[in-house]
Every structure is written in C-alpha cells, then in structure tokens.
Amino acid sequence: MHSPTRRPALPALTGLRAVAAAWVVLFHYREEILTLEPALAPLDTFMRGGYLGVDLFFALSGFILAYTYADKMSTLRWRDTVGFVRNRFARVWPVHALTLHLDLVIAALIGTLGVTAGGHRRTGEAYVENLAMVHYWVNDRPSFNSPAWSISAEWFAYLVAPLLFVLVVRLRRASSALLLAGLSYGVMLGIFATMALPNGNLENMFWVRIMGEFIGGMLLCLAWVRGGARLGRWAFVLPAALAVVALVPAAASGRYWVAPALGLGVAALAASSGRLVRVLSRPGLVAAGEASYALYMVHWLFEWPMERATALAAGNALLSAVVLAAFVGVLAAAAWLVMTRVERPARRWLTAPRTPRPVEAGTSAASPVPERTRLVVASLR
C-alpha cells in the first residue's frame with residue numbers, strides 16, 4: 001500500500017465516537033435508567049433517539065476511512081486491497097469474536113439459546129454466520145450479542161470500500177462531492193420512505209442504511225479535503241441535530257431523517273477549530289472515544305443482570321443510585337479491559353508483518369532441516 005505523508009489526526013472525531021457509543025447505551029438501557037432515576041425523565045426523548053448513534057458511527061466510518069485511504073488507494077491493486085481488508089478485519093473481528101462467545105455462555109446459563117418468541121436467533125447456524133460476520137446479510141433478526149448486527153453491516157462496507165475509493169477519488173471539486181453526498185443520503189431516505197415497515201426499518205435490505213451513510217461520509221470527507229474549508233461554518237449542525245432529537249419526539253420515532261445532519265456535522269467538525277472541536281479533543285473524551293468500540297460491543301452483555309438489579313432497587317433511592325453508579329463503572333471498566341487486553345493486542349498481532357526467522361550463524365538458509373526437527377517444530381505451533 002502506498003505510504004504518502006500521513007495526514008493530521010482528527011481527535012475531535014475520536015471524541016465524537018464516545019458520544020455516539022454513549023448515546024446507543026442510553027437507548028438500550030433507557031427503561032432501566034428511568035426506573036432507577038425518574039428525575040432523568042426530561043432526557044427520555046433524547047435517549048429514545050439513541051439508535052441514531054449507529055448512524056453517526058456509519059458516517060464517521062466512511063469519513064475516516066476516506067480520509068485515511070481514499071487518495072492512497074486511487075487504483076485497484078490486489079496488495080493494497082488485501083492489506084486494507086486485513087486491517088479492517090483486525091480492527092473489528094477479535095472483539096466481535098470475544099463478545100459472541102461471552103453472549104453464547106450467558107445464553108447457555110440463563111436458558112435463552114435457540115430461537116426466542118421474539119425471533120432472537122441463538123442457533124448453530126447463526127453462530128457460524130456470526131463468526132464470518134455475515135449474520136445480518138442473510139437474516140435481519142437479532143442473533144448473538146444484538147448490537148453486532150452493525151458490525152456485520154460494517155464488514156460489508158469494508159469489503160466494497162476499495163472499489164468505492166477508486167470511484168470517489170476521481171472527484172476533484174468539493175461541490176461535486178457535496179452534491180453526491182446529498183444524493184447518497186437522499187436515495188437512502190427515499191427507499192426508507194417508500195419501503196419501510198411500520199417500525200421504520202427495511203426487511204432484508206440491510207445494505208441501504210449502511211451504504212447510504214457510509215458512502216455519504218466518504219463523499220463528505222472528499223468535499224472537505226478537496227477544498228471545502230467553509231464546511232467548518234456548519235459545525236453548529238451537529239449540536240443542533242442532537243437538540244432536535246432531544247426536544248422533538250417525532251425526530252426520535254424510529255426514522256432516519258436526522259442522519260444527513262449527523263453526517264454533515266462530522267465533516268463540519270473536521271473542518272472547524274471552534275469550541276466544540278476543542279471540547280471533543282480533550283484527552284479524557286479522546287480516550288473514551290478510543291474505547292468506544294469495546295463499549296459498544298460489551299454493553300448489551302449486561303442486559304440480564306441490569307434488569308434484575310433494577311427490579312430489586314426500584315423504589316429505593318439510595319440503592320437505585322448505587323446500582324446506576326455501579327453499572328456505569330462496570331461498563332467503563334469492561335470497555336477499557338477489552339480494549340487494552342483484547343482489541344489492541346489482537347490488532348497488533350494480526351497486522352504485524354510476518355518476517356522469516358533470522359538464520360543462525362554457521363548455517364545456511366538453504367540448509368535442509370532434519371525431518372525429526374521439522375516434526376518437533378510443527379507439533380509446537
């Protein structure tokens with residue numbers, strides 16, 4: 001893969017990942033949080049809209065990958081493509097595999113293996129699909145570790161990204177990239193508007209949401225890189241979109257109309273240097289953003305104990321506060337441990353260059369290795 005000058009880091013976007021992950025956690029645990037702390041009821045509408053944190057992640061993913069790879073991978077080369085896919089696999093699969101097996105153990109302990117009344121699939125077939133990260137391609141019902149549906153969708157986007165880089169990098173004008181980004185989001189929203197089920201989702205059309213937002217993020221990145229410095233003036237769009245979700249129930253009702261504003265907000269943050277950028281770039285938020293993937297992947301594993309702890313603590317203000325504080329602490333600790341003990345080491349190992357062992361002095365690289373020695377070495381691998 002080509003290695004031109006590395007572009008500057010965008011710490012504000014890393015901090016934004018922490019916001020997206022926390023928003024998803026609030027969405028999934030909204031009922032428990034409000035039961036434990038009724039005073040947080042004014043945040044109910046905002047928490048209901050937490051599913052949009054995934055849409056923010058999709059846009060961030062497309063934006064960051066285009067920022068990092070698009071100009072480097074302007075032509076389709078086998079070595080570059082393999083390297084990119086390997087890096088993306090190393091980024092997501094180890095933590096996904098860990099949480100898959102943790103969910104499997106939990107389900108076996110509490111008796112939720114098989115297919116539940118709600119259609120949740122914890123079957124042998126779903127297990128194999130999860131290992132390959134294709135579970136959401138073939139069945140849109142939840143399976144092991146429900147949030148991992150988005151990892152399956154992301155994996156699809158990663159596999160087609162090298163071809164997308166070749167196509168989008170041809171754009172040389174910021175205005176053209178911006179127009180096509182709007183078109184990408186428009187096509188996605190048009191399909192949802194005409195074909196969505198009553199719950200707002202599409203049946204067996206997983207690619208619509210991920211590709212509309214992933215490509216939109218890529219094009220918004222190109223719009224900025226190609227000279228869209230004025231995008232920084234739109235930095236207010238992201239907090240404004242979050243405020244709309246928090247104040248307007250219809251904006252958090254299972255639809256995706258806010259998604260384009262979230263994508264534009266990502267590009268505007270990259271192009272801005274204002275107060276919001278400074279806040280999101282603070283070391284604590286950046287560190288939380290680095291742990292955001294681990295947090296996203298582990299948080300739903302605590303569903304069963306959280307439900308029972310909430311039921312026990314309901315009505316007792318002191319115990320409720322303890323349970324809520326403990327929940328936050330456990331989630332933070334679990335995410336940090338998974339990031340430092342699994343995600344980072346596994347990623348380093350999977351992406352490390354494989355170099356031949358050095359030849360010892362006095363021997364030749366072409367010297368034959370005795371059969372017995374080869375058998376012993378093979379048995380130790």
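The values are calculated or read from the model by the stated rules, or taken from the named source; none is laboratory data. These figures come from a predicted structure and were not determined experimentally. All Cβ positions, even for glycine, are placed from backbone atoms using ideal geometry, and neighbour counts span all protein chains on display.
Observations
- Flag if Gly232 is farther than 25 Å from Ala267 by Cα and modelled with pLDDT under 95: no
- Residue ID - surrounded by the most Cβ atoms within 10 Å (Cβ to Cβ), chosen from residues in region 154-195 that are in contact with a Lys or Arg (Cβ under 8 Å, 6 or more places away or on another chain) and without any contact (Cβ under 8 Å) to a residue 60 or more places away in the chain: Ala177
- Residue in region 319-340 that is aromatic (Phe, Trp, Tyr), out of contact with any Lys or Arg (no Cβ under 9 Å at 6 or more places or on another chain), in a helix (DSSP H, G or I) and exposed (fewer than 14 other Cβ atoms within 10 Å of the Cβ) present: no
- The single residue among Thr68, Thr99 that is touching a residue at least 12 places away in the same chain (Cβ under 8 Å), farther than 19 Å from Trp300 by Cα, in a helix (DSSP H, G or I) and of a type in the set (Val, Ile, Thr) turns out to be Thr68.
- The single condition from (1) over 16 Å from Phe165 (Cα atoms); (2) at pLDDT below 95; (3) in contact with a helix residue (DSSP H, G or I) (Cβ under 8 Å, 6 or more places away or on another chain) that Leu76 fails is (1).
- When the residues of region 127-153 are filtered to those that are at pLDDT below 95 and among the charged types (D, E, K, R), the one that is surrounded by the fewest Cβ atoms within 10 Å (Cβ to Cβ) is Arg141.
- Residues in region 23-45 that are closer than 20 Å to Leu285 by Cα and either basic (Lys, Arg) or in contact with a Leu (Cβ under 8 Å, 6 or more places away or on another chain) (or both): Trp23, Val25, Leu26.
- Pairs with Cβ under 8 Å, 6+ apart, first in region 210-223 and more than 19 Å from Trp149 (Cβ to Cβ), second not in a helix (DSSP H, G or I): Leu219/Leu171; Leu222/Val169; Leu222/Leu171
Conditions tested, residue by residue: (1) touching a Cys at 6+ places or on another chain (Cβ under 9 Å); (2) closer than 26 Å to Gly254 by Cα; (3) assigned to a helix (DSSP H, G or I); (4) modelled with pLDDT under 95.
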{"residue": "Val160", "(1), (2), (3), (4)": "no, no, yes, no"}
{"residue": "Leu163", "(1), (2), (3), (4)": "no, no, yes, no"}
{"residue": "Val166", "(1), (2), (3), (4)": "no, no, yes, no"}
{"residue": "Ala177", "(1), (2), (3), (4)": "yes, no, yes, no"}
{"residue": "Leu180", "(1), (2), (3), (4)": "no, yes, yes, no"}
{"residue": "Ser184", "(1), (2), (3), (4)": "no, yes, yes, no"}
{"residue": "Val187", "(1), (2), (3), (4)": "no, yes, yes, no"}
{"residue": "Gly200", "(1), (2), (3), (4)": "no, yes, no, yes"}
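- Just one of the listed residues (Leu269, Leu276, Leu220) is farther than 21 Å from Ala177 by Cβ and of a type in the set (A, V, I, L, M), namely Leu276.
- Taking the criterion of being surrounded by fewer than 19 Cβ atoms within 10 Å (Cβ to Cβ) and of a type outside the set (D, E, K, R), the residues of region 272-284 that qualify are Ser273, Gly274, Val279, Pro283, Gly284.
- Residue ranges of helices (runs of 4 or more DSSP H) in region 4-56 with at least 2 members hydroxyl-bearing (Ser, Thr, Tyr): none
- Cβ separations smaller than 6 Å between residues 6+ apart or across chains give the following pairs from region 110-138 residues that are touching a residue at least 60 places away in the same chain (Cβ under 8 Å) and closer than 18 Å to Leu301 by Cα to residues that are part of a helix (DSSP H, G or I) and not β-branched (Val, Ile, Thr): Ile110/Trp304.
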